[in-house]
Amino acid sequence: MSATLDDAVGELLTQSLMAWRVVASVERTGDGALVINGTRNTVRIERVEHAIFRWMVTADDRQRGAISLVAVLRQVREALDPGYAANRVRIAVAALVPSQ
């Protein structure tokens, strides 16, 4: 990751934590990863060169891939915010209004 992208992602994470009212700090490690130290646990975010995933998020000794920063933010919030109720979007082929 470039330093500019690192800084932008780090700032996005910092601002997101503040918006969610989650007490945590964001730090960059020597190997380029971002580490979020929260009161509940620690989350590590790494950029990877992979065909499917662009990011790897490690929380509670579980590593999960993320295809976008939106997915990273969702995983971070799930790991650090005990009051967060994750909502999943389900897409199905159906009429918007049932026909009568």
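The values are calculated or read from the model by the stated rules, or taken from the named source; none is laboratory data. As the structure is a prediction and not an experimental result, all values here were calculated from the model. Every residue, glycine among them, receives a Cβ derived from its backbone with ideal geometry; neighbour counts consider all protein chains shown.
Please list, ordered by first then second residue, the pairs with beta carbon atoms under 7 Å, 6 or more apart or interchain, first in segment 16-34 and in contact (Cβ under 8 Å) with a residue 40 or more places away in the chain, second of a type outside the set (Ser, Thr, Tyr) and outside any strand (DSSP E or B).
Ser16/Leu73; Trp20/Arg77; Trp20/Asp81; Val22/Leu80; Val22/Asp81; Ala24/Leu17; Ala24/Leu80
When you look at Thr39, is it in contact with a strand residue (DSSP E or B) (Cβ under 8 Å, 6 or more places away or on another chain), at pLDDT below 90 and within 22 Å of Glu11 (Cβ to Cβ), yes or no? Talk me through it step by step, then tell me what you get.
Values: in contact with a strand residue (DSSP E or B) (Cβ under 8 Å, 6 or more places away or on another chain): yes; at pLDDT below 90: yes; within 22 Å of Glu11 (Cβ to Cβ): yes.
Against the criterion (in contact with a strand residue (DSSP E or B) (Cβ under 8 Å, 6 or more places away or on another chain), at pLDDT below 90 and within 22 Å of Glu11 (Cβ to Cβ)), Thr39 qualifies.
Tell me whether segment 46-65 contains one or more residues that are among the polar types (S, T, N, Q) and free of Cβ contacts under 8 Å to residues at least 12 places away in the same chain.
yes
Considering only residues that are of a type in the set (Val, Ile, Thr) and closer than 23 Å to Pro82 by Cα, look in segment 1-35 and name the one that is surrounded by the fewest Cβ atoms within 10 Å (Cβ to Cβ). Spell out how you get there, then give the answer.
Here is the first cut: in segment 1-35, the ones of a type in the set (Val, Ile, Thr) are 4, 9, 14, 22-23, 26, 29, 35.
Okay, now just the ones that are also closer than 23 Å to Pro82 by Cα, so 9, 14, 22-23, 26, 35.
Details: Val9: 19, Thr14: 14, Val22: 20, Val23: 12, Val26: 21, Val35: 16.
The selected residue is Val23.
State all residues of segment 36-59 that are among the β-branched types (Val, Ile, Thr) and either surrounded by fewer than 16 Cβ atoms within 10 Å (Cβ to Cβ) or touching a Ser or Thr at 6+ places or on another chain (Cβ under 6 Å) (or both); if no residue qualifies, say none. Talk me through it step by step, then tell me what you get.
At the first step, the residues of segment 36-59 found to be among the β-branched types (Val, Ile, Thr) are 36, 39, 42-43, 45, 48, 52, 57-58.
Of everything in segment 36-59, those that are among the β-branched types (Val, Ile, Thr) and either surrounded by fewer than 16 Cβ atoms within 10 Å (Cβ to Cβ) or touching a Ser or Thr at 6+ places or on another chain (Cβ under 6 Å) (or both) turn out to be Thr39, Thr42, Val48, Ile52.
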